[in-house]
Amino acid sequence: MERSYRVLNKDDIHKNLEDHVTRLSCVLSVPRPAAAILLHNYTWQVDKLLRAWFDDEDGVRESVGLPKNNRPTKGFPRSGEVLVCGICFRTHNFDIRFESTVGFCGHRFCTSCLGAYVSRAIDDGPACLFLRCPDRYCGAVIGQDMVDLVVSDEGKMKYKEFSIRAYVENNNLSSILWPILRGYSFARRYEIKWENNRGIKWCPALGFEYAIEYNLKSASYDVSERFDVTCDCSFSFYWNCLEESHRPVKCETVANWVLENSYRENVEGEVDVEERVTKSAKRSYRRYFHYYERWVANHKSRENALAFLNVIKTEKLEQLRELVEEHGLKARKFGFLAEAWEQIAECRRVLKWSYVYGYYMPEEASLKTKLFEYLQGEAEVALERLHDCAENTLEKYLKLDGLAHEFDATKTELVNRTCVTRIFFANFVNGVSNGLAEAESNS
């Protein structure tokens, strides 16, 4: 099944950014550095930018620091012309090797002075994307073309990083309204096409290495599962709330659970619960604590499974390959071992959040509660069987006899067990996501 999202690394993101800059440059007939400045100033809200531009182009240019008609306010100097640097105030003959001119206004500065000015702004943070000419009476913006001319490679990389982060964090491509351009002849001439109904978010794992571009209008996914995302870094999360993937629980339920945990921790720190609350509240607390303990237990078990999965990928698989080569056995493929532990980790995640679902089930829904608890129990049994099978398989393979004589039979057993468990948990999640409708149909 085709995914509704695409994982982007930094090179992919930068390519997307450059494509959008190029498109806007064609539409508005402005240089690419000017198009990039416009997009950053309007936080990549292209519809808002285009409306403002066609309503009052001069006003937009003035607000973002662009000259009228794409021409600098001062003419460019001739070689040998006597000039004064606007920063150090030294007088010397113009030489393109030592003198720089701000592209959007024409003010002249020593390359070293302007480079230090821009580099300092880059070191100060992302506000460098809106840096203006150092002349105190000038509001012209300094674009990436000037940055590339006067700063070091390290400075260029920082500026590019700020630009990429701004593109992702401000970019809601679903807001792009192409219809407002349909009446303009240049739009038809250049056949400009904006991507509709897409959004981009950073993967919430540590760092800013990957972003997710999501097709919000995709019809390829069922609505209950279309917001689950798995990044190339292996982190799975939910598109709406950016929390770890939590099917079959809704985002609102997760938020309530987090608040509940925070409240309980604060209460326990202030006063003894057994002395503070009524009998009814004690029962409520014990019920909460039961679900919380199971939630934590499955969370820890999942962390352990992920840690062991890493050991398998980095150590055990290589150890098995060495055993095969050392004893001259037929070449074996061991990827199914990693797949089994990946499924174990995924099952732990589902069980973890299933206890949150169970905690918030209404007490009057007795039939649904019984069905849910039955399915949850069966899921735990299926997981334990897979876990035992995976451990036994690895243990057998690490012994030469098991690797040489029992490989195929043991592999078949584990592959089948992994497949059966995957199907069972998928059905469990779908049933819970559909509100356990089967209980109502049988009542």
### Query
If a residue has to be touching a Leu at 6+ places or on another chain (Cβ under 6 Å) and either at pLDDT below 90 or farther than 30 Å from Glu373 by Cβ (or both) to count, how many in region 405-443 make the cut?
3
### Query
Consider Asn16 against the criteria (1) within 30 Å of Lys201 (Cα to Cα); (2) modelled with pLDDT under 90: it satisfies all of them except one. Which criterion is unmet?
(2)
### Query
Which members of region 13-68 meet the condition of being on the phi > 0 side of the Ramachandran plot and under 29 Å from the mean Cα position of the chain (by Cα)?
Thr43, Trp44
### Task
For region 89-132, name all the residues that are under 19 Å from Ser152 (Cβ atoms), modelled with pLDDT under 80 and among the hydroxyl-bearing types (Ser, Thr, Tyr).
Ser100
### Enumeration of residues in region 7-34 that are crowded, with 19+ Cβ neighbours inside 10 Å and closer than 30 Å to Asp232 by Cβ
Leu8, Ile13, Asn16, Leu17, His20, Val21, Leu24
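When you scan region 252-299, how many residues do you find that are modelled with pLDDT of 80 or more, among the basic types (Lys, Arg) and surrounded by 14 or more Cβ atoms within 10 Å (Cβ to Cβ)?
Step one: of region 252-299, the residues modelled with pLDDT of 80 or more are 252-259, 286-299.
Checking the rest, the ones that are also among the basic types (Lys, Arg) come to 286-287, 294.
This time we only want the ones that are surrounded by 14 or more Cβ atoms within 10 Å (Cβ to Cβ), so: 294.
Looking only at that region, the number is 1.
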### Message
Please pick out the residue among Tyr374, Tyr357 that is surrounded by 19 or more Cβ atoms within 10 Å (Cβ to Cβ) and modelled with pLDDT under 95.
### Response
Tyr357
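Taking only region 35-52 into account, find how many residues are farther than 14 Å from Asn170 by Cα and crowded, with 19+ Cβ neighbours inside 10 Å.
The total comes to 2.
Does region 409-423 include one or more residues that are without any contact (Cβ under 8 Å) to a residue 40 or more places away in the chain, of a type in the set (Gly, Ala, Ser) and within 19 Å of Gly335 (Cα to Cα)?
Within region 409-423, the first condition is being without any contact (Cβ under 8 Å) to a residue 40 or more places away in the chain, and the residues that meet it are 409-410, 412-413, 416, 419-420, 423.
Okay, now just the ones that are also of a type in the set (Gly, Ala, Ser), so 409.
Narrowing further to those that are within 19 Å of Gly335 (Cα to Cα): 409.
Yes, the conditions are met somewhere in region 409-423.
Restricting the search to region 293-352, which residues are assigned to a loop (DSSP other than H, G, I, E, B) and charged (D, E, K, R)? Don't jump to the end; show me each part of the working.
We begin by selecting, within region 293-352, every residue assigned to a loop (DSSP other than H, G, I, E, B); these are 327-334.
Passing the criteria: Lys330, Arg332, Lys333.
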### Summary
Here the residues within region 122-139 that are within 25 Å of the chain's Cα centre (by Cα) and among the aliphatic types (A, V, I, L, M) are Ile122, Ala127, Leu129
### Query
Restricting attention to region 306-328, and to residues there that are among the polar types (S, T, N, Q) and over 10 Å from Leu398 (Cα atoms), which single residue is surrounded by the fewest Cβ atoms within 10 Å (Cβ to Cβ)?
Thr314
### Query
All but one of (1) of a type outside the set (Lys, Arg); (2) outside any helix (DSSP H, G or I); (3) modelled with pLDDT of 85 or more hold for Gly80; which doesn't?
(3)
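The values are calculated or read from the model by the stated rules, or taken from the named source; none is laboratory data. Predicted model only: the values in this text are computed from it and were never measured. Neighbour counts run over all protein chains shown; Cβ positions are idealised from the backbone, glycine included.
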